[in-house]
1. May I ask you to list pairs of residues, at least six apart or on different chains, whose Cβ atoms are under 6 Å apart, with the first in region 170-195 being over 15 Å from Val7 (Cα atoms) and the second being of a type in the set (D, E, K, R)?
2. Checking the structure you have, find out if any residue of region 442-449 is in the same structural domain as Pro642 (by TED's automatic domain parsing), more than 22 Å from His543 (Cβ to Cβ) and touching a Phe, Trp or Tyr at 6+ places or on another chain (Cβ under 7 Å).
3. Only one residue in Val98, Val144 is open to solvent by 10 Å² or more (accessible area, probe 1.4 Å) and within 16 Å of the ligand (Cβ to nearest atom), so which one is that?
4. Can you name every residue in region 513-529 that is surrounded by fewer than 23 Cβ atoms within 10 Å (Cβ to Cβ) and assigned to a loop (DSSP other than H, G, I, E, B)?
5. Modelled with pLDDT under 95 and in contact with a strand residue (DSSP E or B) (Cβ under 6 Å, 6 or more places away or on another chain): is that true of Ser409 in this structure?
6. Among the residues of region 53-61, are any of a type outside the set (Gly, Ala, Ser), open to solvent by less than 10 Å² (accessible area, probe 1.4 Å) and in contact with a helix residue (DSSP H, G or I) (Cβ under 6 Å, 6 or more places away or on another chain)?
7. Within region 528-587, track down each residue that is without any contact (Cβ under 8 Å) to a residue 24 or more places away in the chain and acidic (Asp, Glu).
8. From Ala119, Ala110, which residue is assigned by TED's automatic domain parsing to the domain that holds Ile234, hydrophobic (A, V, I, L, M, F, W, C), more than 25 Å from Pro228 (Cα to Cα) and away from the ligand (no atom under 14 Å from the Cβ)?
Amino acid sequence: MAVDYAVRDGIAVITLDNPPVNGLGHSTRLGIVEGIERARDDASVSAVVITGAGRAFSGGADITEFNTPKATQEPTLHTVIKAVEGSAKPIVAAIHSVAMGGGLELALGAHYRVATPGAQIALPEVKLGILPGAGGTQRLPRAVGLETALNMIVSGTPVLSEKLAGTALFDRMAEGDLLDEAVKFAKQVGAQDGPHPKVRDSAIEHPNAEGFIQFARNSVATIAKAFPAPHKCIDAIEAGVKNGFDRGLAFERECFLALVQTPESRALRHAFFGERAAGKIADVPSSTPVRKIARVGVIGAGMMGGGIAMNFVNAGLPVTLLETKQDALERGVATIRKNFEAQAKKGKLTTEKVEERMALLKPTLSYDDLAEADLIIEAVFEELGVKEHVFRKLDEVAKPGAILASNTSTLDLNAIAAFTKRPEDVVGMHFFSPANVMKLLEVVRGEKTAKDVLATVMQVAKQIKKTAVVSGVCDGFIGNRMIEQYVRQALFMLDEGALPAQIDRAIEKFGFAMGPFRMSDLAGNDIGWAIRKRRYQEQPELHYSRIADRLCEAGRFGQKTGGGWYDYQAGERNALPSKLVDDMIVAHSKELGIGRRKISDDEIVERLVFSLVNEGAKILDEGIASKASDIDMVYLTGYGFPLYRGGPMLYADTVGLYNVERAMRKYAARPNGDAWAPAKRVTELAAQGKGFNG
Ligand code: 3HC
């Protein structure tokens, strides 16, 4: 049963008991209404307390029910709140830990509210692409004031209960046991004559509501960009201010029903669950014991190693940072300090915190100092010989049970593990640059990686606030293996008739943070060049455009050399189309005997995004990624894929795999079509009328 009912000292106590966070799914809603009716019919009961078992009062509507018949099956949350508000016996919400979304809306329907300090209070619906749909946009402004409510609703950010203590939201803050105090309070109000207060009856008071709402509208226009929900939040609040509670409520409902159907909301919900699903590994149960990580070692104090070290000291974990040369070590430590001080200048860190973090850093030139570390991550030069040296050395000095991680982005992790006598302790931790900023962490599972090593690394990832996604061993792992196909298409399109600026513009309009050419100029064109040179040796059958090689042969490595696909003025990052490069591209087409044609923006987007989809499907076919949402999380958190499209695999589902497969076959029949044979999974799912996500 999702709801427990008990009578305590003449007070009915309705306890939501639907783990993990007392989501207001159908059975929970049913239980609440039944509880209120039981209390109504029991003459010995004078009042009701509603509370939550476990780790939350309530995390809100059950998101897994959205777009299913259960979401609208009576009693809906509206019906539940009506029953609460309409109860002749007063109802007290006893709030602790978390009151979010529908959970807070339920509490706002109660006549009184008691809360513990430290509870997270929020209407976070906007983060799921919707708006509070059970009266939140109408009742919260009446309880905490227009400005506070609007900020909470438009941002979705939680506020601690004690910060709202002076408002009408809470009748009292519990100092001792919440339930004891709530029952005591309920007895008191139960002894009073009704009617009991309803939030809906209060006025929204503000000296200049119209002006404030207009101000909010202007601010939201710049931050909400492609998302419709923040605008609708303001519209709904405004409807209540102008037209009163009932009309505001009806308008809110209308907006909710429309928003829940939007692709943006689907994408945001997909990302919410995708993030949580990424942490679950099918054959590594959550009960797997984890190893204790009290000290971390990082080998290499370059940009990557330094960024990695920052993550751990930020989380309060001491780091031993190893370099081979004194000057490189000093440079690395100085860069870390500079980064922290830059954050302090921006007001993100206090100077004490900077010193605290620097004090956690122990620079060294000696491998022996790594003997105490429980987790050691190497971030040295990307060459197997160099890694071999490091891992053989680590095998000698690391204590038994220490986890040995490689930050390799392209090398074979199994080969690296084989350099040690403890391959079960070896794992890949592929950070993305800048490692202290980027959320993505690819956790590479070697053939022999032990389950407790994986479980530990996933837990550590959480501690350092990364989105960790498990990848099997293959060239490029999930993210880089897919991006290679995307870049191949971009280069083919240059040969066929497009120019870098057009391709970048088209994909940026689709929503990518940066197109492939601007991105490559930023990262350095020499990186891709080195990879292609290796490919020409290892996979001579793979067909590549050679235009990027020409660019590199001309020394145009990107921003760092003052020119790449674009020109850059000294000290500036603005990408200016380059006549020299555009001429080079046109000449290259001529050399190849290709008649250049106009390529539409739609074709550009299709070829770039579907190339990711096809490679992603192959990655699933091979078991390198275990679920489509993992691939989406990699692209949302590491590659600037637009959040409102939910990642390449969800986007393919939105387009429909039948259409995606047809497009792939069309491109397969054209020159440069060798990459386009649809992956088995694409063909099978398209034939079944299904998507990657069901
Ligand atoms: N519905 C269904 N499942 C939910 C949920 C919800 N509203 N909120 C959380 N969960 C699940 C998570 O998926 C996760 O499941 P798992 O263990 O199987 O992976 C589990 O609860 C725990 O979640 P977290 O890992 O996020 O745990 P934390 O303790 O870090 O955070 C939380 C708890 C603060 C409640 C966080 O989960 C959260 O922010 N949840 C979303 C809350 C939300 O957006 N509520 C609004 C819902 S929409 C709504 O109410 C509409 C209404 O206006 C009509």
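The values are calculated or read from the model by the stated rules, or taken from the named source; none is laboratory data. Just so it is clear, the model here is predicted, and its values are computed rather than measured. Positions of Cβ are backbone-derived with ideal geometry, glycine not excepted, and every protein chain shown enters the neighbour counts. Protein only, heavy atoms only, side chains kept; ligands, DNA and RNA dropped before computing areas. Shrake-Rupley method; radii C 1.70, N 1.55, O 1.52, S 1.80 Å.
1. Phe170/Arg113; Asp171/Arg113; Ala174/Glu181
2. Just the residues of region 442-449 that are in the same structural domain as Pro642 (by TED's automatic domain parsing), to begin with: none.
No, region 442-449 contains no residue that is in the same structural domain as Pro642 (by TED's automatic domain parsing), more than 22 Å from His543 (Cβ to Cβ) and touching a Phe, Trp or Tyr at 6+ places or on another chain (Cβ under 7 Å).
3. Working: Val144 fails: within 16 Å of the ligand (Cβ to nearest atom).
Sole residue among the options that is open to solvent by 10 Å² or more (accessible area, probe 1.4 Å) and within 16 Å of the ligand (Cβ to nearest atom): Val98.
4. Those that are surrounded by fewer than 23 Cβ atoms within 10 Å (Cβ to Cβ) and assigned to a loop (DSSP other than H, G, I, E, B): Ala513, Met514, Gly524.
5. On the way: modelled with pLDDT under 95: yes; in contact with a strand residue (DSSP E or B) (Cβ under 6 Å, 6 or more places away or on another chain): yes.
So Ser409 passes the test.
6. Of the residues in region 53-61, the ones of a type outside the set (Gly, Ala, Ser) are 55, 57.
Adding the requirement that they be open to solvent by less than 10 Å² (accessible area, probe 1.4 Å) leaves 57.
Applying the additional criterion that residues be in contact with a helix residue (DSSP H, G or I) (Cβ under 6 Å, 6 or more places away or on another chain) yields 57.
Yes, region 53-61 has at least one match.
7. Once the filter is applied, which keeps residues that are without any contact (Cβ under 8 Å) to a residue 24 or more places away in the chain and acidic (Asp, Glu), region 528-587 yields Glu538, Glu541, Asp549, Glu553, Asp567, Glu572, Asp583.
8. Details: Ala119 fails: away from the ligand (no atom under 14 Å from the Cβ).
The match here is Ala110.
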